[in-house]
Amino acid sequence: MIRPAGIMPWKGERVTIEAVNLTKRFDDIVAVDHISATIRDGSVFGLIGTNGAGKSTFLRLASGVLKPDEGCITIDGHEVFENIPAKKRFFYI
């Protein structure tokens, strides 16, 4: 199986990205509002929306660059923010 670049499974595990009730605010602006999603290994997942819809913010949360204000995002059950081994398993352009 060909894997997406930058996502390397830990031995015996399949990559799953899961967001649960994910919320991020910037002052009075709610960029991501209680998003829940599961992205399973081998799936193709796209984010579609207008400018300012929160697509880039979601990806920054998923990669651990930003800390969620509410909810959590995990890769194979491991929280991403401030978790370098989990961050190494996620890549986006």
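Annotations for the structure displayed:
- Other residues within the sphere of radius under 12 Å centred on the Cβ of V80, judged by their own Cβ, net out at +1 (K and R +1, D and E -1).
- Burial order of peptide ranges 56-63, 24-31, 67-74, 45-52 (average beta-carbon count within 10 Å, highest first): 56-63, 67-74, 24-31, 45-52
- For region 40-82, the square roots a ≥ b ≥ c of the C-alpha gyration tensor eigenvalues yield an a/c of 1.5 or more together with a/b not exceeding b/c, which makes the shape oblate.
- Environment charge of L47, counting only residues whose C-beta is closer than 13 Å and scoring Lys/Arg +1, Asp/Glu -1: +2
FYI, it's all coordinate maths here, none of it is from the lab. For clarity, every value in this text was computed on a predicted model and none was experimentally measured. Every residue, glycine as well, gets a Cβ built from its backbone with ideal geometry; the counts of neighbours run over all protein chains shown.
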